[in-house]
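Colleague: Below are the structure tokens for one structure; questions will follow.
Please treat every number below as a calculation from the coordinates, not as lab data. Predicted model, so just to flag it, every value in this text is computed and none were measured. Don't worry about glycine lacking a Cβ; one is built from the backbone with ideal geometry, like all the others, and counts go over all protein chains shown.
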Amino acid sequence: MKLGLNLGYWGGGNDADNLALAVEADDLGYDVAWVAEAYGSDAATVLAWVGAKTSRMDIGSAIFQIPGRTPANCAMTAATLDTLSDGRFRLGLGVSGPQVSEGWHGVRFDKPLARTREYSDIVKLALSRQKVRYEGQHYVLPLPDGPGKALQLTVHPVREHIPMYLAAVGPKNLELAGELFDGWLAIFYSPDYAKESLASIAAGRAKVGKTMEGYDVVPTMPLVVGDDPRACADVVRWYAALYVGGMGSRDKNFYNQLAVRMGFEAAAAEIQDKYLARDYDGAAQAVPYEFIDATALLGTKDRIAEKMQTLAASGVTTLTVSPFGASQAEKISSLRTAVEALEQAGVAG
């Protein structure tokens, strides 16, 4: 199992700190740094900056929003970042959610599985530097009865194949991640629930005659180092409440539905009720410790090492950490602790 770093969103006033984390992770031997986007900073620009300041680890989008870019534009961005980073780019994609897709990008959140399939097809076609011709339900290239013509990407990526990942939560989307992609970007990953999720991915792999061999399972997990795991959990309660309670609408919140499938139905309902009523503190307090502990790295180095062993045994191949701390020094110290814990666990890949 390898280590990754999730830098999250940019523009929160901690940009220099995030860059310092990336440089430290690069020095420590982390395998990849991921950057996210929602409706603020875009991931591509930040990745170019991080790529320029690092030299060894890969840089990845977690995620590029499918409704935010045409597939051809996504391929252009991927090829450019791969070239600028000398072959270190990984392309992570996701459909986002209905509020962002329709409210921010003006793209209907309809048939996300079919849209993802077509999007992936076109990105791969463009990155292979073939002339792009495609006839789908959501995308038709070139447009018929017009002046457009089939074009070929002019940029040569460093690698023949840029690794592609899908952020997926539901069973059908997980199956698609296995069928079409090289890896899965997971959130709220629990070793106890992993068997069900990975079975969906394996079913997708089987559709195209592949096994899980070489497939990259990449959960992002909060990392809080300290003597008391329960006190560590309190540090990330707001994070869990935001996703389980406030991401999406009451009817369409993929993270809330995941919590329900994981066995936290009553808590998920309470968290959402309080969050949507703007009782954010109440929502955070309603998140069960057991949910946080299952989906995060909490406590001492020894406890984190034990959790890493469990994660590796469950199928994780790249463990991406999101360090939490009261100061930059604490976050950097946590990155170092994670490296030491991985070595202690004996599961480093």
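Colleague: Taking the Cα centre of the chain as the origin, how large is its charge dipole in debye, to the nearest 20, when only Lys and Arg (+1) and Asp and Glu (-1) carry charge on their Cβ atoms?
Modeller: 1120
Colleague: Taking the stretch 48-82, which trypsin sites (Lys or Arg not before Pro) meet the DSSP loop condition and have no more than 10 other C-beta atoms within 10 Å?
Modeller: Answer by residue number: there is no such site.
Colleague: Can you give the convex hull volume per residue for the Cα atoms of the stretch 228-349, as a whole number of Å³?
Modeller: Details: hull volume 13.6 nm³, N = 122.
In the stretch 228-349, the Cα convex hull volume per residue is 111 Å³.
Colleague: Work out, step by step, the length gained on full extension between Val23 and Arg129: first 0.36 nm times the residue separation, then minus their alpha carbon distance; give nm to one decimal.
Modeller: Between Val23 and Arg129, full extension yields 34.9 nm more.
Colleague: Something else now. Quick one: if you stick a label point 7 Å off each Cα along the C-beta vector at Val208 and Thr80, how many nm between them?
Modeller: Here the answer is 2.6 nm between the modelled labels.
Colleague: List the residues whose amide H sits under 5 Å from the amide H of Arg90, counting only those 5 or more places along or on another chain, with H placed 1.01 Å from N in the peptide plane.
Modeller: Ile59, Gly60, Ser61
Colleague: For the stretch 136-191 and the stretch 11-86, compute the distance between their C-alpha centroids and round to whole Å.
Modeller: So the two Cα centres are separated by 18 Å.
Colleague: For the stretch 237-295, what is one quarter of the convex hull surface built on the Cα atoms, given in nm²?
Modeller: Orientation-averaged projected area of the Cα hull: 3.2 nm².
Colleague: Per the Kirkwood formula on distinct C-alpha pairs, the Rh of the stretch 136-236 is how many angstrom? Could the numbers behind the result be given before it?
Modeller: Numbers: mean 1/r = 0.0593 Å⁻¹.
For the stretch 136-236, the Kirkwood estimate is 16.9 Å.
Colleague: Let me ask you something else. At 222 nm, what helix-only mean residue ellipticity would the chain give, in deg cm²/dmol to the nearest 500, using -39500 (n - 2.57) for each DSSP H run of four or more?
Modeller: Working: 15 runs with 165 residues, N = 349.
Only helices count here, giving -14500 deg cm²/dmol.
Colleague: Still on this model: Say the cut-off is 22 Å between C-alpha atoms; which of Lys172/Lys207; Lys131/Lys172; Lys2/Lys124; Lys111/Lys274; Lys172/Lys252 go over it?
Modeller: Those over the limit are Lys131/Lys172; Lys2/Lys124; Lys111/Lys274.
Colleague: Now for a different question. Take every DSSP beta bridge with both residues inside the chain and express the antiparallel ones as a percent of the total, to the nearest 5.
Modeller: 5
Colleague: Using the Kyte-Doolittle scale, find the helices of the chain whose mean hydropathy is at least -1.0 and whose Cα atoms extend 24 Å or more along the helix's long axis, counting only whole DSSP H runs.
Modeller: Once both thresholds are applied, what remains is 191-207, 328-345.
Colleague: Let me ask something additional. Of Gly103, Leu297, Phe254, whose Cα points farthest to the positive end of the dipole of the chain (charges on the beta-carbon: +1 Lys, Arg; -1 Asp, Glu; origin at the Cα centre)?
Modeller: Sorting the options by dipole projection puts first Gly103.
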